[in-house]
Amino acid sequence: MGLGSLTSRAMIRRASTILNTTRSHNFSLVRSIVSTPELKNTASAAAEATPDPPLPPPRPPVNNARVHFPNPEDAIEVFVDGYSVKVPKGFTVLQACEVAGVDIPRFCYHSRLSIAGNCRMCLVEVEKSPKPVASCAMPALPGMKIKTDTPIAKKAREGVMEFLLMNHPLDCPICDQGGECDLQDQSMAFGSDRGRFTEMKRSVVDKNLGPLVKTVMTRCIQCTRCVRFASEVAGVEDLGILGRGSGEEIGTYVEQLMTSELSGNVIDICPVGALTSKPFAFKARNWELKGTESIDVTDAVGSNIRIDSRGPEVMRITPRLNEDVNEEWISDKTRFCYDGLKRQRLNDPMIRGSDGRFKAVSWRDALDVIAEVMHKVKPEEIVGVAGKLSDAESMMALKDFLNKMGSNNIWCEGNGGQPQADLRSGYLLNTGIADLETADVFLLIGTQPRVEAAMVNARIRKAVRSNHAKVGYIGPATDLNYDYEHLGTGPQTLQEIAEGTHSFFSAIKNAKNPAIVVGAGLFEREDKDAILSIVETIAKSANVIRPDWNGLNVLLLNAAQAASLDLGLVPESDKSIESAKFLYLMGADDVNMDKVPSDAFVVYQGHHGDQGVYRANVILPASAFSEKEGTYANTEGRAQQTVPAVPTVGDARDDWKIIRALSETAGVNLPYDSLIDVRERIRTVAPNLLSMDEREPATFSTLIKPEIKKEINPVPFKPSIENFYMTDSITRASKIMAQCSSQLLKK
């Protein structure tokens, strides 16, 4: 007891000694700092002399995007990571960040779809906001200070990513989206190397959406991009969300296929591997493919595409951004017809023998036979027909060759017997594809844009949704994916509108930007001149054509039509094919062979063994659009070029080279030996075809033409295209298009 008391006293005494010593040391240290004002002033002066580190130079906008200010007075200033950025009023925080060069991660947001704001991956920090905000749904306000790379924003995104990966299957090695998957990319930036979720992952039954789109719905993250695309762009209510919470899934409610002509675009906009291409499944990885930028030739729109190939084979076709033509969508026919490029191809020159069978021969032998026959017939009995997929260079060469042989009977499929090629405004979409969005009244005459030009139809639907445009339609019963008024089926309704007795005439006359769209199927009618004259009368009466607006349009059907009319492929007689003794078909498969005399000699030059070869005496194999460089003009007159993506098949040659060689064999040499020389020849005939990626509007209006007084035929208009999926030799050879025809077309 006494020992313990002594010990405790000694410890207390020692502790007090240590405490007093420490206090005296601290006191002397504090006094030395406070009592030396010179040192304090020196430190503050050094701090003032050291400037703040400068901000790095501003970054360019994401994807080099350009910002358009409709009204400069509405521009507002925001600050992104310390940088001042001016954006138009109404921009979201995410768009302001993109202008500042900051790429915000996102899954549900898409610039061409409505805002959903349900993935929460785009969280950023905004000054004076108590928590991170979803940048895709928050409007940018004047003076707003946005921080995109703070620990709070990063932690929030990491939390969102952890929840997204909680039920996601770990099947990247067998997923076709691998290598171009947004979820893969974002998980590298914001994911963890391990998960904390130990419960059972959920699984979802796959849906059957048809022969084009493959579904693995367990991978779905419910971003709803596909649902919004289907209802807003494609105009079909096929997809929707069922259930809630962890039981939420995307499906079709009832077992049905996705029947839209734009359904393949959900493959591109899906950020994960839930929706992928069924024909492309397990065929190749994206890093194995060589991408070639080209254009589509299956219709007259000229959609910009990228051809992905591996070796000599085209593996897939995807869209390429072009705001003036197809935005970033393409039709299913454009996307999936590529397997037709390797089926039913013509490999070698062939001559039909006396037994009716074809025999492969050399190029020299085939050309000698053709030249010999051509010299035996009269010049006026020589007829040439260019096919739907012909490029401008080959049509120029064919026209020059037949002219040198003394014939001027040459035309292009789809233009009819006597096309009006004097004024470009008489066969072009004068408004322009992009400017159709600004129209507020449409009058569709004998055209079904949903099957004739799907991307033009998408623009019309966009105008209906955004401008509440009114649509009147004259033609057979059809299924357009927007509200329209069916005015009638034949030219009588058109006559009533021209006379001002129809109620729709007042809608056209009172419209700010009216647009009249005439289908090119009218070119095949005998009363086409009378119908076009009535349409021009309506355009005059309703003030459809003004200095700042040309609303009188013709919607062409084929890729070759506009260039053929620019080059003047107009026959001397619309009955020339009935009296032909020598018929040269350059990829023309839809010519009515019943009209061709039985003793006529037929040459078929093309890339597919389609309908034209059954009547041919000589076959010359040519290159397809994916194997050659060629110029095409779309329905608005925009010149674009295809680029070779794969080598030619067998012993095939480019069309213009075949005709050049044939001219030499026939003794009438054409004056060009290269593609540059052919284009110089085109410059003398139609220089607008050499202005690449530019739309040259027509100089003169059709209103300067004299009025034609002819009787119209009361026969109703007929559909120009019976089967959307099979319109030319490539699509008719496609196995995928055959499956679509059997499963998706309404019986």
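Values quoted throughout were computed directly from the atomic coordinates according to the rules given, and no laboratory measurement underlies them. Predicted model only: the values in this text are computed from it and were never measured. We place every Cβ from the backbone using ideal geometry, glycine too, and count neighbours over all the protein chains shown.
General remarks:
- Set the Cα radius of gyration of the chain against 2.2 N^0.38 Å, with N its number of residues, and you get 1.27.
- Considered as an equivalent ellipsoid built on the Cα gyration tensor, the stretch 516-658 has semi-axes of 34, 23, 10 Å, the largest given first.
- The chain, dipole about Cα centre (Lys/Arg Cβ +1, Asp/Glu Cβ -1), debye to the nearest 20: 3320
- With Cα atoms defining each centre, the stretch 168-203 and the stretch 429-457 are spaced 43 Å apart in the structure.
- Length added when fully stretched, Arg306-Asp193, from 0.36 nm per residue minus Cα-Cα: 37.1 nm
- Modelled this way, with points 7 Å down the Cα-to-C-beta line, the labels at Lys735 and Lys509 are 6.0 nm from one another.
- One quarter of the surface of the convex hull around the alpha-carbon atoms of the stretch 218-351 equals 11.0 nm², the direction-averaged projected area.
- In this structure, the amide hydrogen of Gly472, modeled 1.01 Å from its nitrogen in the peptide plane, lies closer than 5 angstrom to those of Phe442, Leu443, Leu444, Glu485, counting only residues at least 5 positions away or on a different chain.
- The GluC sites (Glu not before Pro) of the stretch 295-350 that meet both conditions, a loop assignment by DSSP and at most 13 other Cβ atoms within 10 Å of the site Cβ, are Glu323.
- Ordering of 81-88, 728-735, 550-557, 100-107 by packing is 550-557, 728-735, 100-107, 81-88, highest average first (other Cβ atoms within 10 Å, averaged per residue).
- All lysines inside 29 Å of Lys628 as judged from Cα atoms, apart from same-chain residues fewer than 8 positions distant: Lys278, Lys283, Lys290, Lys333, Lys342, Lys359, Lys388, Lys399, Lys404, Lys657, Lys735
- At full extension, Glu694 and Lys89 could sit 214.7 nm farther apart than now, given 0.36 nm per residue minus the alpha carbon distance.
- Relative packing of 497-503, 365-371, 222-228, which averages over residues the other C-beta atoms within 10 Å, highest first: 222-228, 365-371, 497-503
- Pairwise Cα separations in the stretch 432-480 fall into 5 Å bins from 0 onward with the following percentages, short to long: 5, 23, 32, 29, 10, 1.
- The stretch 97-229, dipole about Cα centre (Lys/Arg Cβ +1, Asp/Glu Cβ -1), debye to the nearest 20: 460
- Principal-axis tilt of helix 151-166 within the chain, Cα atoms, nearest 10 degrees: 60
- Degrees between helix 528-541 axis and first principal axis of the chain (Cα, 0 to 90, nearest 10): 50
- Computed from Cα atoms, the angle from the helix 37-49 axis to the main principal axis of the chain rounds to 0 degrees.
- Other residues with beta-carbon under 12 Å from the beta-carbon of Leu690 carry, at +1 per Lys or Arg and -1 per Asp or Glu, a net charge of -3.
- With semi-axes defined as the square roots of five times the eigenvalues of the C-alpha gyration tensor, the equivalent ellipsoid of the stretch 423-538 measures 20, 16, 14 Å, largest first.
- Straightening the chain between Ser466 and Asp355 buys 33.6 nm, computed as 0.36 nm per residue apart minus the Cα-Cα spacing.
- Kirkwood Rh, angstrom, the stretch 62-166 [1 / mean 1/r, Cα pairs]: 14.1
- Distance in nm between pseudo-label sites at Ser674 and Glu578 (7 Å out along the Cβ direction from Cα): 4.7
- Proximal lysines relative to Lys147, as straight alpha-carbon distance under 25 Å, when same-chain residues fewer than 8 apart are discounted: Lys86, Lys89, Lys128, Lys131, Lys155
- Per-pair calculated FRET efficiency, R0 = 22 Å: Arg364 and Glu629 via Cβ, rounded to 0.05: 0.30
- Among beta bridges that DSSP assigns inside the stretch 429-555, antiparallel share in %, nearest 5: 15
- Of the beta bridges in the chain, as assigned by DSSP with both residues counted there, near 55 percent are antiparallel.
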